[in-house]
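Heads up, the thing below is written out as structure tokens.
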Amino acid sequence: MSGAFVRVEREGALAWVTLDRPPLNLIVPEMVEGIRSTFEALRGDPGVRAAVITGAGRVTTGGMQLQILRGLTTAGAKAFIASLHEAINLVHDAPFPTICMINGACLGAGFELAMACDLRTAAPEASLGLPEIRVGIPSVIEAALLPGFVGPGRAAEMLLTGESVPAAQALEWGLVNRVAPRGELRGVTAALAARILECAPGAVRLQKELIVRWRNTDQRTAVEYGVNAFAQSFATDEPREAMDAYLGKRKPRFAS
């Protein structure tokens, strides 16, 4: 399973999705289509229970290929950004948890892709930012997630100056969940995914659905969604098995 400039490897229930357009993995329309088709396929595969997105080589992605953007008309710009949002939204709304492993620079649309994931890990030398303002365009689509991560003031500074933040600052601000040396980053990321995969599959999918719904609704409606999801979880044997395992001090045995 793969798309243009996108490589997919499976390790059991975990899919590793790699942006692969060296040396900087710059995003072009073919890669956007590759991300879209890849995540459409992953979403339709019940065997996928989590996915990690990263970049080949020493960067995640340097963002958009400027030569592509430079030639856009008004109509072309709208069509292109809508297609990019469609691809990234497939990641954001995926029925399984997603992790972005930020192994180096992660800029522009690449950073928006990272923010669309549920969790992020980073190498110490990684940098995260939205430099679009420096080339005459605003940061849009999933850049709207940034204030929810870092607050309106910090988000405004990043958006209006185009300056990036290093991994250590991103960790302090809550933009990333783990920072680990480059040589250990894959192992740390895999361990984080493994902790998710240890949990009840049905409950994880319900929780992921709630996380997405909570981002997009008011608190009262979010609570109502949670009440329904709680009841829905008891339509399976997962709660009983998980609780029996906990009380019996053993690992649970969930149906895949």
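Condition first: buried (at least 23 other Cβ atoms within 10 Å of the Cβ) and of a type in the set (Phe, Trp, Tyr). Now tell me which residues in the stretch 1-57 satisfy that.
If the condition is that a residue be buried (at least 23 other Cβ atoms within 10 Å of the Cβ) and of a type in the set (Phe, Trp, Tyr), then Phe39 is the only one that fits.
If you check every pair at least six apart or on different chains, which have Cβ atoms under 6 Å apart with a residue in the stretch 123-144 that is not assigned by TED's automatic domain parsing to the domain that holds Gln65 and modelled with pLDDT of 95 or more first and a residue that is surrounded by 15 or more Cβ atoms within 10 Å (Cβ to Cβ) and polar (S, T, N, Q) second?
none
From the list Thr189, Thr161, which one is among the polar types (S, T, N, Q) and buried (at least 18 other Cβ atoms within 10 Å of the Cβ)?
Values: Thr161 fails: buried (at least 18 other Cβ atoms within 10 Å of the Cβ).
When all the criteria are applied, what remains is Thr189.
Read through the list (1) surrounded by 14 or more Cβ atoms within 10 Å (Cβ to Cβ); (2) of a type in the set (S, T, N, Q); (3) farther than 28 Å from Arg178 by Cα, then give the number of the only condition that Thr73 fails.
Against the list (1) surrounded by 14 or more Cβ atoms within 10 Å (Cβ to Cβ); (2) of a type in the set (S, T, N, Q); (3) farther than 28 Å from Arg178 by Cα, Thr73 comes up short only on (1).
Keeping to the stretch 193-249, report how many residues are under 24 Å from Thr54 (Cα atoms) and either modelled with pLDDT of 90 or more or in contact with a Pro (Cβ under 8 Å, 6 or more places away or on another chain) (or both).
15
Quick one: Ala87 ticks every box in (1) under 13 Å from the mean Cα position of the chain (by Cα); (2) part of a loop (DSSP other than H, G, I, E, B) bar one, so which box is it?
(2)
Take the conditions assigned by TED's automatic domain parsing to the domain that holds Ile35, part of a helix (DSSP H, G or I) and buried (at least 23 other Cβ atoms within 10 Å of the Cβ) and apply them to Phe111. Does it pass?
When the stated conditions are applied, Phe111 passes them.
Just one of Gly110, Gly104 is closer than 24 Å to Met158 by Cα and in contact with an Asp or Glu (Cβ under 8 Å, 6 or more places away or on another chain); which is it?
One residue alone meets the criteria, Gly104.
Tally the residues that are in contact with a helix residue (DSSP H, G or I) (Cβ under 8 Å, 6 or more places away or on another chain), in a loop (DSSP other than H, G, I, E, B) and closer than 17 Å to Ala109 by Cα, restricting the search to the stretch 22-51.
Going through the stretch 22-51, the residues in contact with a helix residue (DSSP H, G or I) (Cβ under 8 Å, 6 or more places away or on another chain) turn out to be 25, 27-29, 32-33, 35-36, 39-40, 43, 48-51.
With the extra rule that they be in a loop (DSSP other than H, G, I, E, B), the set shrinks to 25, 28, 48-49.
Subsequent filtering for residues that are closer than 17 Å to Ala109 by Cα retains 25, 28.
Counting residues in the stretch 22-51 that are in contact with a helix residue (DSSP H, G or I) (Cβ under 8 Å, 6 or more places away or on another chain), in a loop (DSSP other than H, G, I, E, B) and closer than 17 Å to Ala109 by Cα gives 2.
Can you pull out every residue in the stretch 156-175 that is touching a Leu at 6+ places or on another chain (Cβ under 8 Å) and either aliphatic (A, V, I, L, M) or not assigned by TED's automatic domain parsing to the domain that holds Met101 (or both)?
Met158, Leu159, Val165, Ala167, Ala170, Leu175
The values are calculated or read from the model by the stated rules, or taken from the named source; none is laboratory data. Fair warning: this is a prediction, and the values are worked out from it, not measured in the lab. A quick note on method: Cβ atoms are made from the backbone with ideal geometry, for glycine too, and the neighbour counts reach across all protein chains shown.
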